[in-house]
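The next block holds one structure in the form of structure tokens; read it before the comments.
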Amino acid sequence: MKIKKKNIAPYLLLLPALALLLVFRIYPMVSTIIESFYTNNLTADAREFVGLANFNRVLSDPIFWKSLKVTLVFNLINIPTQVGLALVVAVILNMRTRGISIFRSIVMLPIAVSPVVSTTLWKTMMDYNAGVINGLLALVDVSRQEFFLVKEQALWSIVIVTAWKGIPYMMIFFLAGLQEIPVAVLEAAKIDGANAWQSFFRVTLPLLKRVFAFVLVTDTILNLILFAPIWLITKGGPQLSTNLIMYETYRRGMVYGDLGASSAMLIVVILIVAIVLGLQFLALRSDDV
């Protein structure tokens with residue numbers, strides 16, 4: 001009996017993807033873990049092994065805890081806002097009305113704009129002196145708003161910037177989930193006497209549980225590691241009011257040159273993300289998910 005040779009073609013086709021994964025994901029991760037155990041900066045001639053000293057410095061730094069607090073507050077505001085509005089928009093766009101495809105295309109336009117471009121546009125529109133938003137407010141006799149210039153408004157302004165792009169992205173998944181719900185199930189609920197609200201909360205939402213879990217986890221990851229809007233607009237200010245944890249990690253390593261502490265902080269961030277996701281999975285765990 002002849003032994004068939006293994007077909008290696010699938011493995012060869014996977015090699016480019018595996019190579020990119022190794023270079024851009026695995027290697028940086030391993031390198032970061034190694035760097036976190038060394039004292040290293042951009043000006044020193046040599047580095048020295050210090051064990052857990054970098055982690056002790058990070059965890060005893062009040063600025064780290066301040067940035068962590070800001071990050072948690074930002075996420076407690078931004079995640080429910082994005083997920084809730086994305087679900088509402090998806091329900092509206094799922095209606096069978098004339099011209100709904102045009103509205104779907106308009107709502108999805110922010111997805112086609114890169115994060116850097118969209119952030120720059122919002123920065124320009126919300127400028128105190130020449131921004132179009134303050135110009136419109138002036139037309140209705142509302143005083144100019146210092147969106148990114150005062151700590152009372154800066155974090156809320158970042159929420160607006162990120163929600164504009166995040167809501168359409170999350171909405172796509174909800175819309176796909178809504179369109180997968182069998183029409184017969186909704187019609188059966190209607191025949192049984194359920195009104196629109198009862199049908200939504202007792203039939204539609206339970207059937208969206210898998211989609212809801214995926215959207216919540218995805219949105220949490222994206223917001224916990226948010227970086228671009230902070231770097232492009234506020235640089236963590238004013239008075240560290242928008243100094244999210246990922247920007248503090250960047251600032252510690254690239255601005256102050258403390259690569260050891262920056263690497264240790266990044267490991268802490270990864271652990272925090274893993275813990276938050278684990279709690280979410282426990283909260284959403286059921287036989288259906």
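Brief remarks on what is shown
- Among the residues of region 90-119, those that are over 30 Å from Glu180 (Cα atoms) and loosely packed, with under 15 Cβ neighbours inside 10 Å comprise Val116, Val117.
- Restricted to region 121-133, and to residues there that are surrounded by 15 or more Cβ atoms within 10 Å (Cβ to Cβ) and either modelled with pLDDT of 90 or more or touching a Lys or Arg at 6+ places or on another chain (Cβ under 8 Å) (or both), the residue that is nearest to Ile233 (Cα to Cα) is Lys123.
- Residue among Leu205, Leu136 that is over 30 Å from Met246 (Cβ atoms), modelled with pLDDT of 90 or more and exposed (fewer than 14 other Cβ atoms within 10 Å of the Cβ): Leu136
- Sole exception among (1) farther than 12 Å from Ile33 by Cα; (2) free of Cβ contacts under 8 Å to residues at least 24 places away in the same chain for Glu248, by number: (2)
- Taking the criterion of being free of Cβ contacts under 8 Å to residues at least 60 places away in the same chain and either β-branched (Val, Ile, Thr) or part of a helix (DSSP H, G or I) (or both), the residues of region 84-103 that qualify are Gly84, Val88, Ile92, Thr97, Ile100, Ser101, Ile102, Phe103.
The rows are residues; the columns are (1) crowded, with 20+ Cβ neighbours inside 10 Å; (2) touching a Leu at 6+ places or on another chain (Cβ under 9 Å); (3) under 18 Å from Lys69 (Cα atoms).
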| position | (1), (2), (3) |
| --- | --- |
| Arg144 | no, yes, no |
| Phe148 | yes, no, no |
| Ala154 | yes, no, yes |
| Trp164 | no, no, no |
| Ile167 | yes, yes, no |
| Glu187 | no, no, no |
| Ile191 | no, no, no |
| Asp219 | yes, no, no |
| Phe227 | no, yes, yes |
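Okay, residues lined up against (1) at pLDDT 90 or above; (2) more than 27 Å from Val117 (Cβ to Cβ); (3) of a type outside the set (Asp, Glu); (4) in contact with a strand residue (DSSP E or B) (Cβ under 9 Å, 6 or more places away or on another chain):
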position	(1), (2), (3), (4)
Leu224	no, no, yes, no
Phe227	yes, no, yes, no
Leu232	yes, no, yes, no
Lys235	yes, no, yes, no
Leu244	yes, no, yes, no
Thr249	yes, no, yes, no
Met254	no, no, yes, no
Leu259	no, yes, yes, yes
Met265	yes, yes, yes, no
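Listed here are the residues, each with its yes/no results for (1) in a loop (DSSP other than H, G, I, E, B); (2) within 16 Å of the chain's Cα centre (by Cα); (3) closer than 30 Å to Phe174 by Cβ.
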| residue | (1), (2), (3) |
| --- | --- |
| Gln82 | no, yes, yes |
| Ser105 | no, no, yes |
| Ile111 | no, yes, yes |
| Val142 | yes, no, no |
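- Pairs with Cβ under 6 Å, 6+ apart, first in region 185-208 and under 21 Å from Leu87 (Cα atoms), second surrounded by fewer than 16 Cβ atoms within 10 Å (Cβ to Cβ): Leu207/Ile181
- Any chance Arg57 is more than 27 Å from the chain's Cα centre (by Cα), basic (Lys, Arg) and modelled with pLDDT of 85 or more: yes
- Qualifying residue in region 117-140 (condition: within 25 Å of Asn94 (Cβ to Cβ) and in a loop (DSSP other than H, G, I, E, B)): no
- Filtering region 9-32 to residues that are under 22 Å from Gly260 (Cβ atoms) and either touching a Phe, Trp or Tyr at 6+ places or on another chain (Cβ under 6 Å) or of a type outside the set (Phe, Trp, Tyr) (or both) leaves Arg25, Ile26, Pro28, Met29, Val30, Ser31, Thr32.
- Any hit, region 172-180, residues being under 30 Å from Leu266 (Cα atoms), touching a residue at least 40 places away in the same chain (Cβ under 8 Å) and assigned to a helix (DSSP H, G or I): yes
- Criterion (within 30 Å of Pro62 (Cα to Cα) and touching a Gly at 6+ places or on another chain (Cβ under 6 Å)) met by exactly one of Leu259, Leu240, Leu232: Leu259
The values are calculated or read from the model by the stated rules, or taken from the named source; none is laboratory data. Predicted, not measured: the structure shown is a model, and the values here were computed from it. Cβ sites come from the backbone with ideal geometry, for glycine too, and all protein chains shown count toward neighbours.
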